[in-house]
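Visitor: Before I ask anything, here is the structure I am working with.
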Amino acid sequence: MATDTLDNRSGAGGAAIVRRLLLDNGALSALVVLVAAMALLSGDFLTTQNLLNVGVQAAVTAILAFGVTFVIVSAGIDLSVGSVAALSATVLAWSATSGSVPVWLAVLMAVATGIACGLVNGVLVSYGKLPPFIATLAMLSVGRGLALVISQGSPIAFPDSVSVLGDTLGGWLPVPVLVMIAAGLVTALVLSRTYIGRSMYAIGGNEEAARLSGLRVKRQKLVIYALSGLFAAVAGIVLASRLVSAQPQAAQGYELDAIAAVVIGGASLSGGVGKASGTLIGALILAVLRNGLNLLSVSAFWQQVVIGVVIALAVLLDTLRRKAGATPGAPSGTAGSGRKGPGAVKLAVAAVCLAAVVGAGYLLNPGSSGGTTTKLGMSLSTLNNPFFVQMKAGAQAEAKAEGIDLTVTDAQNDASQQANQIQNFTSSGMKSIIVNPVDSDAVGPSVRGANQADIPVVAADRGVNKAETATLVASDNVAGGKLAAQTLAEKLGGKGKIAILQGTAGTSASRERGAGFAEGLKAYPGIEVTARQPADFDRTKGLDVMTNLLQSHPDITGVFAENDEMALGAVKALGSKAGSSVAVVGFDGTPDGIKAVEAGTLYASVAQQPAELGRMAVQNAVRAAQGKKPESAVKVPVKVATKKNAAEFVS
């Protein structure tokens, strides 16, 4: 009887230990639940290759987050790490190429750039008395601006000797994962074994008490922000190595992911709490979510919703755990360790969350299991643009007609995110992949990975450099730019002053359309370009930029916008001048653009027929998946839509 009682107690004690371990590590519990859910929903998730993909995709965010951990533990915030990462990588690439600096010195310059940015943040916070939010927000803008100034808005090829940081060891072990682990160990060592680490906790717990106890708080903050800048520089170098190019627009929004990873990992924005292992788990949670949702063919729009909800739930559960008295790392016997009620409630909540995740996955992806349907993946550069929305619609219509399972993802104009999506498609066994590159160079490494897996890749709208593609389905952006120049110049009678609204700096579409337009204008020496400003392919920015340009150039008689969205913004800014004294030419032939052409406010649009482009991309991807060789290039006809023929472009 005594033996039975002892056994029961031992079993109960083991269960209590497991329960305590999970409850005292809320982020770890969330990660376990997510991995279990993804494994149940997708047979491709727990493959070795896909798990390595998750590690690679978490690496940059984790390295940034390790640096942000130092700042958050000390009750600060750093919004600049994404921009500092891009700036550091740009400095390295530019100095090693255009500057002819030895690569080793260029690396040191990149690291020094990150540290310098961090020190500036520290000076502004400590001695300038600026709130950390404001100081680092300013550096976010300055860092991104300097990256664009140095690169002139174009990606810069990365030195081969440094690009090994984005490769693998032995053909399977990703170097970014090793760098992430090394950065995590350094972070853990600094936090737990050094004077500055103890200072961070003291400052975050009570800054005034830390100062009165003899800590030189201002100097310590300089070191803290410098460390954040250092880790941002390392993250930028790793990111650029993966893309084999320094992208001036890289890592946009990564500061938010880094902060989310730190908070999900158990750190408090009030300071005094946080650890390296929690930050790593937080970064892995974000990577598992994005990877798993891609594998489950969840809509790119729903992915944003799911990720936001999971972040909120993770932090909420951690808050409930803290209120219940459980403390991370608390030994048994401390407050809250003997109460069964809260533990049972939390376990029940965890079970409900698991069921919710599984149920949501099936609802959002009812046909995810099994089947012999041909599976295609399509990565679009952005879905925040009517042109690519139409391309998606055309592709989906063709896939439905052919009985094809098509998964469409949104790279959000982020070359790194697009690389992750193509990796996910490759590991999930897609029969063929369609990619509309954010940047033709940056997408090369991930497409080469698909090449090695014998998965044919079809490029849509923009080509892929340094990798093999089955075909390129596209309109000629350069030819379209020349056509736009001819159309606008003829409307103006070969004379006049014009403004150019450029697309997102560094994108191949903007470069090619701009180059074609400049080439076309050479035939019209009477046309003078008085202003040239980027508006990021965005209608609102087009409105703002055009409004500003009119203040300094009120005599403009023509406008060329590198897409219809910016053109429509310009039309709004011009008001009654649009279509009367000022001719505006756009690009893409979107539905809103064609309506404006019919109304006479937009003089013309170079129409690319995006829906047809998407349809033909799917056709050729299916052909490639069946082992048939498509033509090396498939051209979608380009026409200029004017008021006379606008009806032809209305679907």
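Visitor: Choose one of F517, T373, A233: the residue whose Cα lies farthest towards the positive end of the charge dipole of the chain (beta-carbon charges +1 Lys, Arg; -1 Asp, Glu; about the Cα centre).
Guide: Among F517, T373, A233, the one farthest towards the positive end of the dipole of the chain is A233.
Visitor: Separate question: For region 369-527, build the charge dipole from Cβ charges (+1 Lys, Arg; -1 Asp, Glu) around the Cα centre, then report which of S416, T382, A489 sits farthest towards its positive end.
Guide: The residue sitting most towards the positive pole is A489.
Visitor: Suppose only helical runs count, i.e. DSSP H with n ≥ 4. What mean residue ellipticity at 222 nm does that imply for the chain under -39500 (n - 2.57) per run, divided by all residues and rounded to the nearest 500 deg cm²/dmol?
Guide: Calculated from helices alone, the mean residue ellipticity at 222 nm is -20000 deg cm²/dmol.
Visitor: Which distance in Å, rounded to a whole number, links the C-alpha centroids of region 381-411 and region 433-481?
Guide: 16 Å
Visitor: Taking the Cα centre of region 416-572 as origin and charging only Cβ (+1 Lys, Arg; -1 Asp, Glu), how large is the dipole, in debye to the nearest 20?
Guide: For region 416-572, the charge dipole is close to 160 debye.
Visitor: Continuing with this model, one more query. 7 Å from Cα along Cα→Cβ at both L46 and S552: what's the point-to-point distance in nm?
Guide: So the label points at L46 and S552 sit 6.1 nm apart.
Visitor: About the Cα centre of the chain, what is the dipole size in debye to 20, counting +1 per Lys and Arg Cβ and -1 per Asp and Glu Cβ, all else neutral?
Guide: 1220 debye
Visitor: Turning to a different aspect of this structure: Can you give the charge dipole size of region 406-500 about its Cα centre, rounded to the nearest 20 debye, using +1 on the beta carbon of Lys and Arg and -1 on the beta carbon of Asp and Glu?
Guide: For this selection, approximately 380 debye.
Visitor: Next up: I'd like the distance separating the alpha-carbon centroids of region 527-572 and region 592-651, in whole Å.
Guide: The two parts, judged by their Cα centres, are 24 Å apart.
Visitor: Choose one of T97, V636, Q619: the residue whose Cα lies farthest towards the positive end of the charge dipole of the chain (beta-carbon charges +1 Lys, Arg; -1 Asp, Glu; about the Cα centre).
Guide: T97
Visitor: With a cut-off of 8 Å between alpha carbons and a minimum separation of six or more residues, what is the relative contact order of the chain in percent?
Guide: 14 percent
Visitor: Going by alpha carbons, how many degrees (0 to 90, nearest 10) lie between the helix axis of 276-295 and the longest principal axis of the chain?
Guide: 50 degrees
Visitor: Sorted by packing (mean other beta-carbon atoms within 10 Å per residue), highest first, where do 414-422, 224-232 land?
Guide: The peptides rank, most packed first, as 224-232, 414-422.
Visitor: Determine the gain in length on full extension of the stretch S581-V103; use 0.36 nm per residue of separation and subtract their C-alpha separation, reporting nm with one decimal.
Guide: Once the chain is fully extended between S581 and V103, it gains 166.7 nm.
Visitor: Using r as the Cβ-Cβ distance of K644 and L185, and R0 as 45 Å, what FRET efficiency do you calculate, to the nearest 0.05?
Guide: FRET efficiency, K644 to L185: 0.10.
Visitor: Grab the beta carbon distance between A401 and S161, set R0 = 30 Å, and tell me the FRET efficiency rounded to 0.05.
Guide: 0.05
Visitor: Which FRET efficiency, nearest 0.05, do K466 and R198 yield, Cβ-Cβ r, R0 60 Å?
Guide: Efficiency at R0 = 60 Å is approximately 0.80.
Visitor: Another question, if that's okay. Using the basic label-point model (7 angstrom from Cα toward the beta carbon), what is the L269 to K595 distance in nanometres?
Guide: Going from the L269 label point to the K595 one covers 3.8 nm.
Visitor: Calculate the spin-label point distance for L169 paired with R532, positioning each point 7 Å from the Cα along the beta-carbon direction, and give it in nanometres.
Guide: 4.6 nm
Visitor: Right, another one. I'd like the orientation of helix 175-193 relative to the chain: the angle between its Cα long axis and the longest Cα principal axis, in ° from 0 to 90, rounded to 10.
Guide: Long axis of 175-193 versus the principal axis of the chain: about 40 degrees.
Visitor: May I ask for the angle, rounded to the nearest 10°, between helix 81-97 and the longest principal axis of the chain, with both axes built from Cα atoms and the value confined to 0 to 90°?
Guide: 60 degrees
Visitor: What is the gain in length, in nm to one decimal, between R219 and E490 on full extension, counting 0.36 nm per residue of separation less the C-alpha to C-alpha distance?
Guide: Between R219 and E490, full extension yields an extra 91.1 nm.
Rule-based calculations on the coordinates, nothing more; no lab input. What you see is a predicted model; the values in this text were computed from it and never measured. With ideal geometry, Cβ positions are generated from the backbone for all residues, glycine too; neighbour counts draw on all protein chains shown.
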